[in-house]
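The block underneath contains the structure these notes are about, expressed in structure tokens.
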Amino acid sequence: MQLADRIAPLQANVFADMDRAKAQARAAGQCIIDLSLGSSDLPTPPHVLSAIAASLQDPDTHGYALFNSTQPFRQAAAEWCQRKFGITADPETEVLALIGSQEGTAHLPLAVLNPGDFALLQDPGYPSHAGGVYLAGGQIYPMPTQADTGFLPVFEDIPPAVLAQAKMMVLSYPHNPTTACASLDFLKSAVAFCQAHGLVLVHDFPYVDLTFDGQTAPSVLQADPDKTVSVEFFTLSKSYNMGGFRVGYAVGNPTLIKALRQIKANVDFNQYRGILRGAIAALNGPQDCVQQTVERFRQRRDAAVAALARIGWDVPTPTATMYIWAKLPAPWATDSIGFSTQLVAATGIAVAPGIGFGKSGEGYVRLALVHDPEVLDQAIPKIGNFLAK
Ligand SMILES: Cc1ncc(COP(=O)(O)O)c(C=O)c1O
């Protein structure tokens, strides 16, 4: 069977290689401690689950959730943005419900790019940002996002020929996988750059709440209050541990919101209304559950950084996200896949190879803090033994 050419770039996925390596290690009798996936192990708050459970018994939730039924959700999202950032967004024209931010960020390029247009993406970055560009027939210009520049891309380094053909830039801070944060001034410089070059600015913002030690995570809409070029993607997956429920939203420039809605209208009928009700309960309800989640990840971060130091692997202490971005020791500096596959085979501990997030991620691995300190304290010495061999 002859499939479309656009499938080809989607097939190179090192995470599929890691899945195979985990399955082989499991089959060989290893007990797997999986630190490779950024899927929270923490439970969804009870009041959110109650709202969803009550919805199941309500036949009003059983039909298609077209735009009218997303109105209370869009309203709750707009009010949340107002409370959190002082951003005013019109729920009718500037907010759109999503089936997770991955869905939204992957569909947006269909609304923005013509075939051959460039999208400027962070390298390393989140894989579906690239996937969406490939699906739209666009080209990717990887903006190196590395330690020497504080994990911030340098806009001046983008070649003029690429800029002439570029239509969008995607940023995401706090950043997965590097854990870096961006200041409001940096976001303002990104807005000015995109305005000057006629680019759409996409900000993927799943870790908006997952910051520690007084670190703040500004919104791109604070940097672009008139929403001239920007659209921001939010999710309930991280702050409320709702990854499996698939719910998020976009807020931003009304032309972009309308265009994304037009794309989605051909693809989906929105999330189940009961889950939207759960999301409303999350956004409008008490926020101490978010603080508890942040505290759990802070404790795990401290445990992981300390345990890594004990095995002689010094990593910076992240001030945001649910990850550790660890530079590999010299023998593995150009082989994050080899390190990750051999580590899981030898110890059962799975980490994500940095190159899976882009070429500039080579030489690093990402540890997701999806286990409590007791498990991390058990896992990390095994990494030490592996390195010692
Ligand atoms: C940068 C980034 N964007 C999007 C997602 C996926 O979010 P959602 O569950 O809303 O699709 C993740 C999840 O890890 C992420 O790190």
(request) Give me the distance between the Cα centres of the stretch 190-241 and the stretch 80-144, rounded to whole Å. (result) 11
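How many Å² of accessible area per residue for the stretch 46-284, probe 1.4 Å? Write down the numbers at each step before the final one.
Numbers: 8970 Å² over 239 residues.
Each residue of the stretch 46-284 exposes 38 Å² on average to a 1.4 Å probe.
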(request) Note down the net charge around residue 349, summing +1 for each Lys or Arg and -1 for each Asp or Glu among other residues with Cβ under 9 Å from its Cβ. (result) 0
(message) Run the simple label-point estimate for residue 213 and residue 185 please: 7 Å along Cα→C-beta, distance reported in nm.
(response) 2.0
(message) So, R0 is 41 Å and r is the distance between the beta-carbons of residue 375 and residue 284; what FRET efficiency does that work out to, to 0.05?
(response) 0.75
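Could you check how much of the accessible area of the stretch 46-284 is carbon and sulfur, as a whole percent, using a 1.4 Å probe?
Working: 5010 of 8970 Å².
C and S fraction of accessible area: 56 percent.
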(message) Strictly over 25 Å apart at the Cα level, which of 238/264; 188/327; 188/264; 167/258 would you flag in this model?
(response) 188/327; 188/264
(request) Would you compute, for the Cα atoms of the stretch 46-284, the largest minus smallest coordinate along each principal axis and list the three values in descending order, in whole Å? (result) 57, 43, 29
(request) Using the Kyte-Doolittle scale, find the helices of the chain whose mean hydropathy is at least -0.5 and whose Cα atoms extend 18 Å or more along the helix's long axis, counting only whole DSSP H runs. (result) 14-27, 184-197, 373-388
(request) Taking amide H positions as placed in the peptide plane 1.01 Å from N, state which residues far from residue 166 in sequence (5 or more) or on other chains have amide H under 5 Å from it. (result) 118
(message) Full-extension gain between residue 114 and residue 19, please, as 0.36 nm times their residue separation minus the C-alpha to C-alpha distance.
(response) 30.8 nm
(message) Suppose each label sits 7 Å from its Cα in the direction of the beta carbon; what would the residue 28-residue 56 distance come out to in nanometres?
(response) 4.1
(message) So, R0 is 41 Å and r is the distance between the beta-carbons of residue 5 and residue 156; what FRET efficiency does that work out to, to 0.05?
(response) 0.75
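Per the helix-only calculation at 222 nm, which mean residue ellipticity applies to the chain, given -39500 (n - 2.57) for every DSSP H run of n ≥ 4 and division by its residues, nearest 500 deg cm²/dmol?
On the way: 14 runs with 167 residues, N = 389.
Using -39500 (n - 2.57) per qualifying helix, the result is -13500 deg cm²/dmol.
When Lys and Arg each count +1 and Asp and Glu each count -1, what net charge do the other residues less than 13 Å away from residue 105, Cβ to Cβ, add up to?
Working: positive: 264; negative: 103, 204, 232.
Net charge around residue 105: -2.
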(request) Sticking with the crude label model, points 7 Å out along Cα→Cβ, report the distance from residue 315 to residue 228 in nm, one decimal please. (result) 4.0
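The values are calculated or read from the model by the stated rules, or taken from the named source; none is laboratory data. This one's a predicted model, so the numbers in the text were calculated from it and none came from an experiment. Ideal geometry is used to build each Cβ from the backbone, glycine not excepted, and the neighbour counts take in all protein chains shown. Side chains included, ligands, DNA and RNA excluded: accessible areas come from the protein's heavy atoms. Shrake-Rupley method; radii C 1.70, N 1.55, O 1.52, S 1.80 Å.
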